[in-house]
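Step one of this worksheet: look at the structure below.
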Amino acid sequence: MKKNSFMQGAFIATIGIVLTKILGIIYVIPFYSIVGSRGGALYAYAYNVYEIFLGISSAGIPLAMSKIVSEYLTEGNCYAKERVFKLGKLIANVLAICSFLILIIFAPVVAKAIIGNVTGGNSIEDIVFVIRIIATAILIIPSLSIYKGYLQGHKFMSPSAISQVLEQVVRVVIIIVGSYLAMRIFKLPLKMGVGIAVGAATIGALISYIYIRIKTKKNKKALEIKKEDLHNKKIEDKKIIGKLLLYALPFIIIDTLKPLYNSIDMVTLVKTLANHLDYTTSVAEGVMAVISTWGNKINMIIVAISTGIITSLIPSLTSSLVRKDMKAVRNKINASFQMMLFVTIPATIGICLLAKPIWMLFYGNYGYCASVLAFSIFIALFNTTFTMAISIIQILKEYKMVVLSLASGILFKLIFNIPNLYLFDKLGLEAYYGSIFTTIMGYFIGLIILLVYLSKKYKVNFKETYTRVFKIFISSIAMLIVILALKQAIPIVSNHRVMNVFLIGIYTIVGLIVYLLFTSKFHLIDEIFGTNTVKNVLKKLRFKKK
């Protein structure tokens, strides 16, 4: 294994996560055709609940582990970093077992809260069945997360990236093959096909866990305690556990509260649309499935970009904080936002414009679904920016601001979600746009709170970032204008899936060329990523920059 710099780590982590998300998008084409809209809704019910409990049991542990290991390594205390690894595994396993048991026992209560008395779609029994199956993954993923965080803390990014891709490959194969055999060959009920699909998370996690354990064992010499380090000041287990929980708690709060945006939709959207507005249960569940599953799979490409940068940012920023190099801290904060927005802004606009052919390619006839995707993709943009800001605030140990920003956005979502459904309906727009708008505003409110706080307390000057984001926006608008002009000559969508591949490819290539030309004119690539970084990437791709 080879240690990675901040830029290298961000690049490796992002590539790994993006590949994982691409695999997560590809599988939905056959899976959607197998289980349909109703099956997608059932799949979404299980995953939304699973994400909340996964957040409680493991989401904060790997990032906290990465932060603490990096901190102790910077201080030169290798005994403490090994001890925190062992204690972290113990804590993660305890949380995993507790979360698993709660989910198994209270699955009927959760299912009742989701579907209520709505009929004509998935039953409470079906929802209970898939929730209990996916609960088994919680027994494995926390331990897997500990190993990932441990390696990331040493700035070894490749094993985690590879394990993520491996986990997703296994999961995708089981989802497609398993659901097809269950429903098309053996003619089993819908809940069995979806049950196999959600159970794939457990098998994928197990394979990934085996891989990363082997990788860690083979590279033990690069990670083990040196003899001279054994005389380092020993820190009491009680203090290490306290620090681990203190660091993990905000991450757990984030990954527990963020799924509440979808959970609020889950318990309000279907019932409001079906019972009080002029929507059938089928359409209401279909909209819910687009927001939380089918459209969300495409949105995850945007989210993956920030996740990769954050994964590399945590140990790098922590090292600068330990050295009390606040200039480097401010520079890395600005660089992180700039790298992320350089990619996410044009990608969001592009997906919005190409929503119809993208939906047609993946799922067939688009109908109302493409319009949901075109609007909901902006949730991903604000989600990624907010996630970046809140991760930085966590590294700075400003935990009160973490809770305040999250709670503010979720409270807004909780209060205004149903009223905005009625408001958009009264305005003559589709009612479900109100739900999407409310989620975007929730993230925006939390983001503004954090940016103002970083500016005031830590003197982070975002002027350069604002200037570069403005240039990114101008370049994206130029891309938009060219694509709209191209639309007059070449149709943007076809009724044939294969043709949509070519159309999406043409529009993407043209849009990318225009965007890169404008950003190059503004010198954004070199300014944001650095001339040396660009040269190194091109060298690895066996090109020479002129």
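Some observations on this one:
- Long-range neighbours under 8 Å by Cβ, at least six apart or interchain, first residue closer than 15 Å to Leu246 by Cα within the range 84-95, second assigned to a helix (DSSP H, G or I) and of a type in the set (Asp, Glu): Leu87/Asp237
- Lone unmet requirement of (1) crowded, with 24+ Cβ neighbours inside 10 Å; (2) under 30 Å from Val514 (Cα atoms) for Ile345: (1)
- Exclusive hit being of a type in the set (A, V, I, L, M, F, W, C) and surrounded by 15 or more Cβ atoms within 10 Å (Cβ to Cβ), set Val452, Val460: Val460
- Meets criteria (surrounded by fewer than 21 Cβ atoms within 10 Å (Cβ to Cβ) and modelled with pLDDT of 75 or more) for Lys238: yes
- Check on Tyr180, in a helix (DSSP H, G or I), buried (at least 24 other Cβ atoms within 10 Å of the Cβ) and of a type in the set (Phe, Trp, Tyr): no
- Candidates Leu361, Leu277, Leu273 - the one that is in contact with an Asp or Glu (Cβ under 7 Å, 6 or more places away or on another chain) and farther than 24 Å from Thr387 by Cβ: Leu277
- Failed item, numbered, when Met388 is tested on (1) in contact (Cβ under 8 Å) with a residue 60 or more places away in the chain; (2) surrounded by fewer than 21 Cβ atoms within 10 Å (Cβ to Cβ); (3) over 25 Å from Val270 (Cβ atoms): (2)
Let's see how each residue does on (1) aromatic (Phe, Trp, Tyr); (2) in a loop (DSSP other than H, G, I, E, B); (3) closer than 19 Å to Asn262 by Cβ:
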position: Ala374; (1), (2), (3): no, no, yes
position: Asn383; (1), (2), (3): no, no, yes
position: Tyr433; (1), (2), (3): yes, no, yes
position: Ile440; (1), (2), (3): no, no, yes
position: Val452; (1), (2), (3): no, no, no
position: Lys456; (1), (2), (3): no, no, no
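- In the range 478-494 there is no residue that is surrounded by 12 or more Cβ atoms within 10 Å (Cβ to Cβ), of a type outside the set (A, V, I, L, M, F, W, C), within 26 Å of Ile379 (Cβ to Cβ) and in contact (Cβ under 8 Å) with a residue 24 or more places away in the chain.
- Given (1) of a type outside the set (Ser, Thr, Tyr); (2) in a helix (DSSP H, G or I); (3) in contact (Cβ under 8 Å) with a residue 12 or more places away in the chain, number of the condition Lys155 does not satisfy: (2)
- Put simply, of Leu404, Leu423 the only residue that is more than 27 Å from Tyr32 (Cβ to Cβ) and either basic (Lys, Arg) or at pLDDT 95 or above (or both) is Leu423.
- Candidates Ile351, Ile358, Ile392, filtered to the one that is over 17 Å from Ile26 (Cα atoms), among the β-branched types (Val, Ile, Thr) and out of contact with any strand residue (DSSP E or B) (no Cβ under 7 Å at 6 or more places or on another chain): Ile392
- Total residues in the range 96-106, condition in contact with a helix residue (DSSP H, G or I) (Cβ under 6 Å, 6 or more places away or on another chain) and surrounded by fewer than 16 Cβ atoms within 10 Å (Cβ to Cβ): 1
- In the range 396-423, the qualifying residues are those that are farther than 19 Å from Pro259 by Cβ and among the hydroxyl-bearing types (Ser, Thr, Tyr), and the one that is farthest from the chain's Cα centre (by Cα) is Tyr422.
- Condition met for Ile393 (under 28 Å from Ser320 (Cβ atoms), surrounded by fewer than 20 Cβ atoms within 10 Å (Cβ to Cβ) and within 24 Å of the chain's Cα centre (by Cα)): no
- The range 107-118, residues that are assigned to a helix (DSSP H, G or I), in contact with a helix residue (DSSP H, G or I) (Cβ under 9 Å, 6 or more places away or on another chain) and either aromatic (Phe, Trp, Tyr) or without any contact (Cβ under 8 Å) to a residue 24 or more places away in the chain (or both): Pro108, Lys112
- Failed criterion for Thr508 (all others in (1) within 25 Å of the chain's Cα centre (by Cα); (2) surrounded by 16 or more Cβ atoms within 10 Å (Cβ to Cβ) hold): (2)
- Checked against (1) in contact (Cβ under 8 Å) with a residue 40 or more places away in the chain; (2) surrounded by fewer than 23 Cβ atoms within 10 Å (Cβ to Cβ); (3) farther than 30 Å from Leu277 by Cα, Lys81 passes all but condition (2).
The values are calculated or read from the model by the stated rules, or taken from the named source; none is laboratory data. Given the structure is predicted, the values throughout are model-derived calculations rather than measurements. As a convention, Cβ positions derive from the backbone with ideal geometry for all residues, glycine included, and neighbour counts pool all protein chains shown.
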